[in-house]
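The values are calculated or read from the model by the stated rules, or taken from the named source; none is laboratory data. Keep in mind the model is a prediction, meaning the values are calculated, not measured. We place every Cβ from the backbone using ideal geometry, glycine too, and count neighbours over all the protein chains shown. Ligands, DNA and RNA are stripped out before the accessible areas are found, and what is left, the full protein with its side chains, is counted by its heavy atoms. Shrake-Rupley method; radii C 1.70, N 1.55, O 1.52, S 1.80 Å.
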Amino acid sequence: ILRPVLSERHVNMMSFSQCIGIGLFLQSGRTIFLAGPGLATLAYFLTGTVMWSSAACLGEMTALFPVKGPIFEFPRRFLDESLGYAAGWMTWFSWIVLIAAELVAITHMFQFKYPPEQLAIDGYPDSKLQWTPHISPTVIVLIFLVLFLLMNLLPVLQFGQLEYVFGIIKMTFIILMIVLNTVLHSLQRVPRGGHFWTYNSPYSAGSQNITLPNNYVLTGFPGKLGGMWEAMTTCLFGMIGFETVAITAAENRHLRTEETVKIGTRKISLRIIVLYTLATFTVGLNVPYTYPLIQDTHVISFGYGQNSAFVISTVLNHLRVWPYFINDFIIFSATTAGINGIYNASRTLHALASTHNAWPDWAPVESFRRRLERTRYGVPHTAVFVSWLFGFLGFLASNQNSQILGRMVRCVVIAMLIVYAVIGASFLEFYKCLKIAAQGDDENIDDREDPTIRQLYDRNFRQYPYKSHGQWLRACYAITGCSLFILFNGWRTFVQPINVADLIACYIPILLFAIIIVGYQIKLNGWNPFRWRRRSSRDLQNPRPQIAVNSPRRGHLSLKDPDNLFTTANARRFFQWVWVWLK
């Protein structure tokens, strides 16, 4: 079994470290190009609210029922078994592709070469700005793959401690980038036209058009809307990972005493949204949306270090050393995100292995499933190794093609959006079942007439572990937002001439999800589609609903003496409350 050894601080930073990979650093420039600096900032905020709404759905269900594999267990339990298992496999598929994507991105970072002609135009003090070690992409992939594996073979507690350090480093770096870009804009070391010059003519806060694959430039409101939509779709990859808080539930030792799922879900959402929004806003003050190195008219693409808006900002302000430092940090960020990706993939696979019905009824498969289920020192080594093997997809890096990385990233994003939409739908059914149980009308609950049993399902109960106001509406918002992103993520691929590879990357996760669902319907109900039925247990007793034991509740500011604000006891309570949200 998995050992509950992780503390709240480990879980918080593991989630944060997973989200902070290459998305913000390599995609913020593309986002600014597509939408303009002002609308790019808004794009990160809006996509963050969609992700938070879905994460809150998963968080509330996991806080009440801390099950292994919550990301597929709740859809299986409240919607349909085939939907749940399909969501589980789609999640695992996303994480293994993400591992390969991070490896490809690392090889890109080892090809850092700023165009000399652009340096001359920008008046940069050096004529050359490049870092291209004579190491083949194959060797780079092998080195980092070994590192990924070794890290994930560590005991869980040591792994969590390292991830805590990595998360602190990443958070510090992003804050440093925000401060640096704010200072650079304030000082105007290189005169560019006053404050907010990237928002003023001849530039703008919002991009004025978008270029379609046939080179037709769409202008006016349709052009702005198209650019904003593409920018929001681009933002999504940097926000994959909110669900890490729920994935760690089986290894979390502070579920009840520290209310980890509630606090962790809110912390990761607030931190990512605030930091991404501020980072994009501040770097957008120094990089105009027309800058050549962020211009990218491909439907799907992912740049190199020299295309990072954070690198470009330091070049435009004539800073030495900083471009190299930022490029090297992106390598570190991609490495730690890849390591965490294997953790999430292996825990999802291990949870699937613990569910017999998720696998075909064949003797060799059953033997393999039992191996995946085993752990040693609390680590599911076989699940780790199997998930790690798919990192060899990173050898696609030998092509050095930014579009290959972009297509891998798009597959990850759409697959996870499908899962997030399913999570939102699961919450709506969970909400309805909970309401029935709280009224004592669920015949499947033992002692349902007992008030102490009924209050366990009452969202207004003082010790209910995680309640967000208006969460039912937020679930609807998450479903709507995710569905729109899924359906229209590749709208530009339908413009002639159609790029088949881009079209497949945008929509193959939908086909894969449908195929898995059909496969499970056949397994559970036979080949005749007319006999296919919805199968959901709606179980509200396994495990027993959790309650929060803290008084006052963690994350709530409860003063010791409300009538006399300025007292030592109140000050202590206030700093304890601040520390809960900071640590």
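Of note:
- With protein chains left intact and a 1.4 Å probe, residues in segment 131-202 average 51 Å² of accessible area per residue.
- Whole-Hz Karplus values for segment 170-179 come out as 5, 4, 4, 5, 5, 4, 4, 5, 5, 5 Hz, taken residue by residue from phi with 6.51 cos²θ - 1.76 cosθ + 1.60 and θ = phi - 60°; glycine and proline positions read x.
- Spacing of the two label points (7 Å from each Cα toward its C-beta) at Trp197 and Ala120, in nm: 2.2
- The angle between the Cα long axis of helix 363-373 and the longest principal axis of the Cα atoms of the chain comes to about 80 degrees, rounded to the nearest 10.
- Debye log10 I(q)/I(0) for segment 1-110, one point scatterer per Cα, at q = 0.17, 0.22, 0.23 Å⁻¹: -1.13, -1.34, -1.35
- Taking the Cα centre of the chain as reference, the dipole from Cβ charges on Lys and Arg (+1) and Asp and Glu (-1) amounts to some 520 debye.
- Apportionment of accessible area to carbon and sulfur, the chain, percent (1.4 Å): 63
- The chain - percent relative contact order, Cα under 8 Å, separation 6 or more: 30
- Quotient of C-alpha Rg and 2.2 N^0.38 Å, computed over segment 286-367: 1.83
- Segment 13-26 - phi-based ³J(HN,Hα) in whole Hz, Karplus 6.51/-1.76/1.60, Gly and Pro as x: 7, 5, 5, 5, 5, 5, 5, 7, x, 10, x, 5, 6, 9
- Among the protein heavy atoms, those of Leu393 account for about 80 Å² of accessible surface (1.4 Å probe, every chain in place).
- Cα gyration tensor category, rounded, prolate or oblate, for segment 429-583 with a/c compared to 1.5: oblate
- The peptide list 305-317, 204-216, put in order of mean Cβ contacts within 10 Å with the highest first, becomes 305-317, 204-216.
- Listed residues Val549, Tyr114, Leu393: farthest to the positive end of the dipole of the chain (Cβ charges): Val549
- Ranked packing of 264-276, 541-553, most packed first, by mean Cβ within 10 Å: 264-276, 541-553
- When you restrict to C-alpha pairs under 8 Å that are six or more residues apart and normalise by the size of segment 174-300, the relative contact order lands at 38 percent.
- Taking the inverse of the mean reciprocal distance over all distinct Cα pairs, the Kirkwood hydrodynamic radius of the chain comes to 24.9 Å.
- Trp89, Trp527, ranked by accessible area, largest first (probe 1.4 Å): Trp527, Trp89
- Taking amide hydrogens as placed 1.01 Å from N in the peptide plane, the amide H of Lys113 sits under 5 Å from those of Trp131, Gln306, each at least 5 positions away in sequence or on another chain.
- Additional length obtainable on full extension of the chain from Thr567 to Val190, 0.36 nm per residue less Cα span: 130.7 nm
- Relative contact order %, segment 293-355, counting alpha carbon pairs below 8 Å whose residues are six or more apart: 21
- Solvent-accessible surface of segment 442-483, averaged per residue with a 1.4 angstrom probe and all protein chains in place: 59 square angstrom.
- Radius of gyration, Dmax [segment 49-145; alpha carbons; angstrom]: 22.2, 62
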